[in-house]
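Undergrad: Shown below is the structure under consideration.
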Amino acid sequence: MAERGVTIWLTGLSGAGKSTIARILEKELRDRGEKVEVLDGDIIRTNLSRGLGFSKEDRDENIRRIGFVAHLLTRNGVKVIVAAISPYRAVRQEVRERIGDFVEVYVNAPLEVCEERDVKGLYRRARAGEIKNFTGIDDPYEPPDHPEVECRTDQETPEESARKILDFLASRGYLKTPTDARIS
């Protein structure tokens, strides 16, 4: 029987913890013998979406491109972890419909917490007017209405967030080995 692929789409503000959770999930899934690929928004922008700006149209196109790659991998039995801000509900829904096996994870941290975690100084630069169309500052972020999983990264550790996602995947039959307490 062929492996069942799924796209685990981590959406949330910059600094919410998407990439951190993605790394934990990737390691856990690889340790279980799963085929895994991570599509991180920052890396995709550098390679697949070079030349796109930060207008709504360009952001939507970036998400469509990530979604296209995720769809190809998912239909070939890969567990795809997408870590991308993906600020607009409509294009996330469009990608969900294309992929089918799609788990939306809202990586939820208040804006103030994300600004405190701002290791790259992006929020500070956006607040100073140096970066335009920055999500959460002068461009909107539309949180999911009904995510399959919500990770409150201001209230739980990245490991607890990853555990919630793994438990959901197991409950839906996406994991070939049962979930256990290996993540510490």
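Rule-based calculations on the coordinates, nothing more; no lab input. Only a predicted model underlies this, so the values are computations on that prediction, with no experimental measurement involved. When we count neighbours, we look across all protein chains shown, and the Cβ atoms used for this are built from the backbone with ideal geometry, even at glycine.
Undergrad: Say whether the condition of being among the small types (Gly, Ala, Ser), within 22 Å of Leu166 (Cβ to Cβ) and surrounded by fewer than 17 Cβ atoms within 10 Å (Cβ to Cβ) is met by at least one residue in the stretch 109-120.
TA: Within the stretch 109-120, none of the residues are among the small types (Gly, Ala, Ser), within 22 Å of Leu166 (Cβ to Cβ) and surrounded by fewer than 17 Cβ atoms within 10 Å (Cβ to Cβ).
Undergrad: Quickly run through the stretch 145-171 and pick out the residues that are of a type in the set (Gly, Ala, Ser) and more than 17 Å from Gly17 (Cβ to Cβ).
TA: Ala170, Ser171
Undergrad: Checking the condition aliphatic (A, V, I, L, M), in a loop (DSSP other than H, G, I, E, B) and either crowded, with 20+ Cβ neighbours inside 10 Å or free of Cβ contacts under 8 Å to residues at least 12 places away in the same chain (or both), which residue from Leu25, Leu13, Leu39 passes?
TA: Exactly one residue qualifies, and that residue is Leu13.
Undergrad: Take Thr46 and tell me if it is out of contact with any strand residue (DSSP E or B) (no Cβ under 9 Å at 6 or more places or on another chain) and of a type in the set (Val, Ile, Thr).
TA: When the stated conditions are applied, Thr46 passes them.
Undergrad: Of the conditions (1) within 13 Å of the chain's Cα centre (by Cα); (2) under 20 Å from Cys151 (Cβ atoms); (3) part of a helix (DSSP H, G or I), Pro87 fails just one. Which one is it?
TA: Of (1) within 13 Å of the chain's Cα centre (by Cα); (2) under 20 Å from Cys151 (Cβ atoms); (3) part of a helix (DSSP H, G or I), only one is false for Pro87: (3).
Undergrad: Something else about it: Can you name the condition, by its number, that Val107 falls short on among (1) under 13 Å from the mean Cα position of the chain (by Cα); (2) under 25 Å from Ile137 (Cα atoms); (3) outside any strand (DSSP E or B)?
TA: (3)
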